[in-house]
Amino acid sequence: MPLIWKGAEYLEGLEKRTYNRLQTASGFLANQIKLKLSMGQPPGPAGGPPHVLSGMLRNSIDYQMVDGETSRVGVQVGPANKYALIHELGGDIFPKRAKALRFKTADGKWHTVKHVRIPSRPYLRPALDENFQQLEKIIAGKE
């Protein structure tokens, strides 16, 4: 009996399984990030998670399957909000069209400043670190 190699069918099935596993892992990670952000603590020292007032950051967490240049399947997990990166990495905010920034704090007082320094309050990297082994299991098909 001759050996029949069905490479195209095998590769297609492998790609589909990989895609499905990545999709499952991405949904799991997005949910873990949202769960962490749902704890809603007041802002603490730099390095702690961001403060949750409105839930806009938490509600913007999602994942998207993408076609990579070097691979056939990829995924992006994270927020859609434009201000989300400043919470993860920290940084300085300067006025774009005015000479100063003006904002009201929780105590009801108004402040006018030339710039604001936002400390790093990561929420994406800790979620990835804390769930890395579980994500590996899902992607490997052992979960």
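Restricting to the range 97-143, and then to whatever is hydroxyl-bearing (Ser, Thr, Tyr) and touching a residue at least 60 places away in the same chain (Cβ under 8 Å), can you tell me which residue is farthest from residue 29 (Cα to Cα)?
Ranking the qualifying residues of the range 97-143, first place goes to 120.
Quick one: which helices (runs of 4 or more DSSP H) sit completely within the range 55-143 and have at least 1 residues that are touching a strand residue (DSSP E or B) at 6+ places or on another chain (Cβ under 8 Å) and either within 17 Å of residue 19 (Cβ to Cβ) or at pLDDT below 95 (or both)?
Per the criteria, 84-89, 124-140.
Consider only pairs whose beta carbons are under 8 Å apart and that are at least six residues apart or on different chains; among these, list those whose first residue lies in the range 12-23 and is at negative phi and whose second residue is assigned to a helix (DSSP H, G or I) and exposed (fewer than 12 other Cβ atoms within 10 Å of the Cβ).
From residues that are at negative phi, the pairs are 21/140.
Condition check ((1) of a type outside the set (Gly, Ala, Ser); (2) more than 18 Å from the chain's Cα centre (by Cα); (3) loosely packed, with under 14 Cβ neighbours inside 10 Å) across all residues:
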position	(1), (2), (3)
56	yes, no, yes
60	no, no, no
84	no, no, no
87	yes, no, no
94	yes, yes, yes
103	yes, yes, yes
115	yes, yes, yes
124	yes, no, no
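The values are calculated or read from the model by the stated rules, or taken from the named source; none is laboratory data. Just so we're clear, the structure is a prediction, and the values are computed from it rather than from any experiment. Every residue, glycine as well, gets a Cβ built from its backbone with ideal geometry; the counts of neighbours run over all protein chains shown.
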